[in-house]
Protein chains: 2
Amino acid sequence: MSSDASQEQKHTINNGCSVSTGKVFVAVHSGAGNHSKANEYHKYICKKACMQAMALLKKKRSAMDAVTTAVMSLENDESTNAGYGSNLNVQGDAECEACVMDGKSLYFGGVGALSGVKNPVNVANLLVKEQMEGPLPFGRVRPSILVGKGAKTFCMNHGIDTNYNIISKSAFKTYNRYKRKCCISDSNNVAKRRKVEPVDEKINQTSKIGETLSTPSELIQDTVGAICVDQDGNVAAASSSGGIWLKHPGRLGPISMYGAGCWAQNRASDDKPGVAVVTSGCGEHIMQTVLAKTSSDGIRSSEDLTVSLPQVFKRDFLESEFLTAKPEKHGGVLALKFMEASDGNEVELAWIHSTNSFCLAFMGGDQKSPKALMSSLDESCAPGKSFTMGGYLACLERC
Amino acid sequence: MSSDASQEQKHTINNGCSVSTGKVFVAVHSGAGNHSKANEYHKYICKKACMQAMALLKKKRSAMDAVTTAVMSLENDESTNAGYGSNLNVQGDAECEACVMDGKSLYFGGVGALSGVKNPVNVANLLVKEQMEGPLPFGRVRPSILVGKGAKTFCMNHGIDTNYNIISKSAFKTYNRYKRKCCISDSNNVAKRRKVEPVDEKINQTSKIGETLSTPSELIQDTVGAICVDQDGNVAAASSSGGIWLKHPGRLGPISMYGAGCWAQNRASDDKPGVAVVTSGCGEHIMQTVLAKTSSDGIRSSEDLTVSLPQVFKRDFLESEFLTAKPEKHGGVLALKFMEASDGNEVELAWIHSTNSFCLAFMGGDQKSPKALMSSLDESCAPGKSFTMGGYLACLERC
């Protein structure tokens, strides 16, 4: 651990609340990023997503369908960077990605560079379900991840609208604000170096030089996600994102990447706990550290989530050898551990982040309403170099 | 380990050849699959790729450029399932993927669902090089993986032809042979279940029922790859693939997936060896086991490559909890370990596969010609359930 990092790290555990929460549990987040005045609204949408997932869980629907429903609810809200209202790429298009992982079958479904589809996470859910049906005739392997035009073809074959407008007015306004100077610089640089014309001339002609631009941390936007345990003790995880502002068209981030954006593994016969993880933050940092799988591996190999999660986050993310060139590492992890206790089942929930804020909500089956919170780094801590953590312990009825 | 697996496993080590090979080393493969009569030709193209990479290494070019050149050579050969001659998807298009990882910077570049580009691996190489230039203005993160139309835009911006014909006559003939019955069945099934019209009606109208179709193992095709050590002791890895026959358009396989298709990590200051790994075989199996990274992690944590590689391959691939639903697991790994010895540097090379065959070649800097071989499973062993392994030890001059 570097001495700088050790000085700046902060670690607060809010663990210990112990209540019976029925057989099921769900937790959602609307992103590890920079939340400010919209705090209360973000808490509200997280609560709403929790309740929609819980309604399904109480009808004995699967963990996979519950996390998908929670993420669809967040995708449908304009304020999140997922589905409608997603960040726009450098060409002014919204290209989304989403993933679902089922802890029972261990199948993963992902979509990337997908435009014009209202709920990308629903497509990822369908990809998992089709894998569960077994191989295609003559042993042909079913796809796990689909991107771009081919992902649209899959949607059309499944009766999903591929002409839905997911570009919000607000996203378009922000796009224009960020675009002006960024792209003049970039295009000129590319053109000089490569001796080719920039592709997005039309946009450049309307640009103005001299506007004050955002700092890098302001450009880091939210990915949403959900994790849960269903009445049969199965776990699942799902994430969705519009990717980073002004990204290159066709850029894949961690959410369509196996092991990076979500992970779920049921409790194993050898007494390893069930684990579900979703991640958020700077895409390339999350991908290069395969953060969801790495977190899950750490959690499964240790007894105490509140010990293993910060260990993994510090060693394998903030101090990762893969990120030494990055001055700041922006990420967040929401994880649950599901295990058998002497008098029932137990869900341990924890969240950790190096971003300024992380908005989340969670709910057990016998609770009337979800608990929502905006976890924030202390003002004295440097984002991208320090972290804060919180947790919650719930006792569940035995499945 | 299951008893069935233990009965069927075969493990042959051909290790021990010790020669001085100058400062540099390269190894390439043309795929873990089902080679038969074309054996000699596949050995020839592997040798040719080795020599092209070696010519660069002797000019003090980087490991990353050497593996890219080796893979470009294999992409350009019609007989491999990469670049020109790639397998066609269900719509009759060739959609390629490729990746490069640089062991020094640890940057990864990948492309997926890319059509009309002669050398996809060259695009992956450019993505790594651009990441080395640092972030874009205003902290915008450079892309690591690009897919589909956006990847084509990147190519156009870099003066790369995006209208190159990569569909060979032979690939088109094989496509028509496999297509006939497969797609009639699939489309009808999809249409019945989803109550939608199949998208590829035009092709279905020309189909004929009744042709004898291939077995699943015949449909598993080759991915090509290369690993090397350059004169500065840097390692790199690169892979390229056309994906599986009749895949869904837009399907991403392991080669564009971080950690699955290739991995490279230089020797670390804590005396962990340098490792470079490339994988081949059934894409979804390789992806679900994150096979390249998993193999590298195993190799780096053990002294002896010939012990760690089969351990990892058996535990984390053939007996992986993520592949329990798969009756056969088809994969191959080519790996090198680069370490300091008392009287110079040492490269240990090993290959392992559960497919019928694995064609490869390797060469040290002071050798006149590469050594090529077709490694094959013993006839008594069941492909997808058993494995064979081989290795080679080379002493290098100190960097």
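The values are calculated or read from the model by the stated rules, or taken from the named source; none is laboratory data. Since the model is a prediction, treat every value here as computed from it, not as a measurement. Here the Cβ is made from the backbone with ideal geometry for all residues, glycine too, and neighbour counts use every protein chain on show. In case anyone asks, the SASA skips ligands and DNA or RNA and just uses the protein heavy atoms, side chains included. Shrake-Rupley method; radii C 1.70, N 1.55, O 1.52, S 1.80 Å.
Segment A:298-318 to segment A:329-392: how many Å between their Cα centroids?
With segment A:298-318 and segment A:329-392 each reduced to a Cα centre, they are spaced 13 Å.
Which percent of the accessible area of segment A:74-137 is formed by carbon and sulfur heavy atoms (probe 1.4 angstrom)?
Numbers: 700 of 1510 Å².
C and S atoms contribute 46 percent here.
Tell me the per residue accessible area of segment A:309-372 using a 1.4 Å probe; a whole number in Å² is fine.
Counting only protein heavy atoms, the per-residue value for segment A:309-372 is 33 Å².
Out of residues 5 or more away from B:Lys23 or on other chains, whose amide H comes under 5 Å of its own, with H placed 1.01 Å from N in the peptide plane?
B:Gly365, B:Glu397
Relative contact order for segment B:221-339: what percent, with Cα pairs under 8 Å and sequence separation of 6 or more? Kindly include the intermediate steps, with their values, before the conclusion.
Numbers: 228 pairs, mean separation 31.3, N = 119.
It comes to 26 percent, rounded to a whole number.
Check each residue of segment B:73-114 and keep those whose accessible area, probe 1.4 Å, is at least 10 Å² smaller with all protein chains in place than in the chain alone; give them in order of residue number.
For segment B:73-114, once contacts with the other chains are taken into account, B:Gln91, B:Leu106, B:Tyr107 lose 10 Å² or more.
Once you charge only the Cβ atoms, +1 for Lys and Arg and -1 for Asp and Glu, what is the size of the charge dipole of segment A:30-112 about its Cα centre, to the nearest 20 debye?
640
Once each part is reduced to its C-alpha centroid, what is the distance from segment A:102-157 to segment B:266-291 in angstrom?
26
Assume the label is 7 Å from Cα along Cα to beta carbon: what separations in nm does A:Glu319 have to the matching positions in the other copies?
Label-point separations across copies, in nm and ascending: 3.3.
Threshold 50 Å², probe 1.4 Å: give the residues of segment A:255-275, in number order, that are less accessible with all protein chains present than with their chain alone.
A:Met257, A:Tyr258
Given label points at 7 Å from Cα along Cα→Cβ, what nm distances, shortest first, separate A:Pro135 from the same residue in every other copy?
Result for A:Pro135, in nm, nearest copy first: 4.6.
Report the local net charge at A:Thr355: Lys and Arg +1, Asp and Glu -1, summed over other residues whose C-beta lies under 10 Å from its C-beta.
-1
For A:Gly344, which sequence-distant residues (separation of 5 or more, or a different chain) have an amide H within less than 5 Å of its own amide H, given hydrogens modelled in the peptide plane?
none
From the protein chains alone at 1.4 Å, what is the descending order of accessible area for B:Asp316, B:Asp161, A:Asp77, largest first?
On the way: B:Asp316 40, B:Asp161 85, A:Asp77 20 Å².
From most accessible down to least: B:Asp161, B:Asp316, A:Asp77.
State which entries of A:Lys272/A:Lys368; A:Lys23/B:Lys326; B:Lys23/B:Lys47; B:Lys58/B:Lys129; A:Lys314/B:Lys314; A:Lys23/A:Lys368 exceed 26 angstrom in Cα-Cα distance in the structure shown.
Checking Cα-Cα distances, A:Lys272/A:Lys368; A:Lys23/B:Lys326; A:Lys314/B:Lys314 exceed 26 Å.
Mind checking how much accessible area A and B bury in total, 1.4 Å probe, in Å² rounded to 100?
Looking at A and B, the buried total is near 5400 Å².
May I ask you to rank A:Met101, B:Met51, B:Met72 by accessible area, largest first, using a 1.4 Å probe over the protein chains only? Please list the in-between numbers first.
On the way: A:Met101 0, B:Met51 90, B:Met72 50 Å².
Of A:Met101, B:Met51, B:Met72, the descending order of accessible area is B:Met51, B:Met72, A:Met101.
Please work out the FRET efficiency for the pair A:Asp271 and A:Asp378, using the Cβ-Cβ distance as r and a Förster radius of 45 Å; give the result to the nearest 0.05.
FRET efficiency, A:Asp271 to A:Asp378: 0.75.
Tell me the distances, shortest first, between A:Glu40 and the same position across the other copies, using label points 7 Å along Cα→Cβ, in nm to one decimal.
Its label point is 8.2 nm from the equivalent points in the other copies.
Suppose we consider the axis relating copy B to copy A; can you name the residue of B with the nearest Cβ and state that distance in angstrom as an integer?
Chain B residue with minimal Cβ-axis distance: B:Gly148, 2.
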